[in-house]
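Heads up: the structure comes next, in structure tokens.
The values are calculated or read from the model by the stated rules, or taken from the named source; none is laboratory data. What you see is a predicted model, and the numbers here were worked out from it, not measured in a lab. We place every Cβ from the backbone using ideal geometry, glycine too, and count neighbours over all the protein chains shown. Each accessible area value is taken on the protein alone, full model and side chains, heavy atoms only, with ligands, DNA and RNA left out. Shrake-Rupley method; radii C 1.70, N 1.55, O 1.52, S 1.80 Å.
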Amino acid sequence: MMELRRTLAGRVTLTAVATVILLFLALPIIVIIVTSFSNNAFAAFPPKAWTLNWYTSLFADGSKWPAALSLSALVACLSTVFSLVIGVTAATALTRSELPLRSAVYALVLGPLLIPQIVTALGLFLLFEPASMLGSPLAIALGHTVLASPIAVLILVATLRGIDERLEDAAASMGAGRLTIARRITFPLAAPGMIAAAIFSFITSFDEFYISQFLSSVDTVTLPVQIYNSLTFDIDPSVTAISALLIAGAILALALVALVRWLGSGRQDSLLSVENTAGIAAPGGEAV
């Protein structure tokens, strides 16, 4: 591979292959976005004429999309809060404590990511059905948390492991308690990771279909379930418009994650620079 990069032909070949792969991955997204502007009632590609009717119909009187969108947003917000609470607690225990069987606990926390979602959805249905919670936004949010919280834990564990513990040790050597260290040192430095975890938890919940399908009712239909119903029981070209909006939202969310992490990347370095300048003792008693 290194020899291939050193030659002009090799660089051209690698660039061409990478471009073809990226275009292949982006092709379905491009097709959806282009088709959303087609005036064909059957969502044909390529469009023969262009229109914005499918976008305006999303919020027309009698449309089911606004209710589904608002319910998905509510459920995603609740699931994000639950996932952050679980993620911060679990990540702190896994990285800042002498937890017995840490690897086993970590594997257990990540277990829902390895189990087929339809199996998880069936288990949640059997759990909530006797409690008459089917159709409850809270039940759907709790179900989504089962899938979103492991993602939050993954991100936050990586974030906390990336924080130099010398900063926390320095604060402790000056008499700061655990809560003060967490509030003044750890959580501010972990803020970019927490925001990233919140965004990915929100997206996971907002896009979740299987759990929503099993736990929803006639009156509580999330956006993915509404999209499925529109494709199954109707021929509704406005599905392409709502799909294009979801793609745009996902791109903006990823851009926000990148921006937050870029803004927070220099924060720890600046604190370490202050620490080194002040000569604060590192763990073990040696001056830095």
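For Ile227, state whether it is modelled with pLDDT of 80 or more, at negative phi, touching a helix residue (DSSP H, G or I) at 6+ places or on another chain (Cβ under 8 Å) and part of a helix (DSSP H, G or I). Judged against the criteria, Ile227 is a match. For region 111-132, a residue qualifies if it is surrounded by 13 or more Cβ atoms within 10 Å (Cβ to Cβ) and without any contact (Cβ under 8 Å) to a residue 24 or more places away in the chain, and the qualifying residues are Gly123, Leu127, Glu129. Of all residues in region 42-59, those being part of a loop (DSSP other than H, G, I, E, B), open to solvent by 50 Å² or more (accessible area, probe 1.4 Å) and within 15 Å of Val239 (Cβ to Cβ) number 3.
Counting only residues that are out of contact with any Leu (no Cβ under 7 Å at 6 or more places or on another chain) and in contact (Cβ under 8 Å) with a residue 12 or more places away in the chain, which one in region 64-77 is farthest from Ala190 (Cα to Cα)? Per the criteria, the residue is Lys64.
If you scan region 143-202, which residues turn out to be in contact with an Asp or Glu (Cβ under 9 Å, 6 or more places away or on another chain), outside any helix (DSSP H, G or I) and more than 16 Å from Thr92 (Cα to Cα)? Selection gives Ala176 alone. Taking the conditions exactly as written (open to solvent by less than 30 Å² (accessible area, probe 1.4 Å), in contact with a Leu (Cβ under 9 Å, 6 or more places away or on another chain) and either modelled with pLDDT under 90 or over 26 Å from Asp164 (Cβ atoms) (or both)), does Ala253 satisfy them or not? So Ala253 fails the test. Within region 170-179, being surrounded by 16 or more Cβ atoms within 10 Å (Cβ to Cβ) and touching a residue at least 12 places away in the same chain (Cβ under 8 Å) holds for Ala170, Ala171. Only residues that are within 15 Å of the chain's Cα centre (by Cα) and among the aliphatic types (A, V, I, L, M) were counted in region 111-155, giving 10.
As a summary of the residue check, Ala68 satisfies the conditions (1) open to solvent by less than 80 Å² (accessible area, probe 1.4 Å); (2) farther than 25 Å from Gln226 by Cα except for the one numbered (2). Here Phe82 meets each of (1) modelled with pLDDT under 85; (2) under 20 Å from the mean Cα position of the chain (by Cα); (3) not aliphatic (A, V, I, L, M) with one exception, condition (1).
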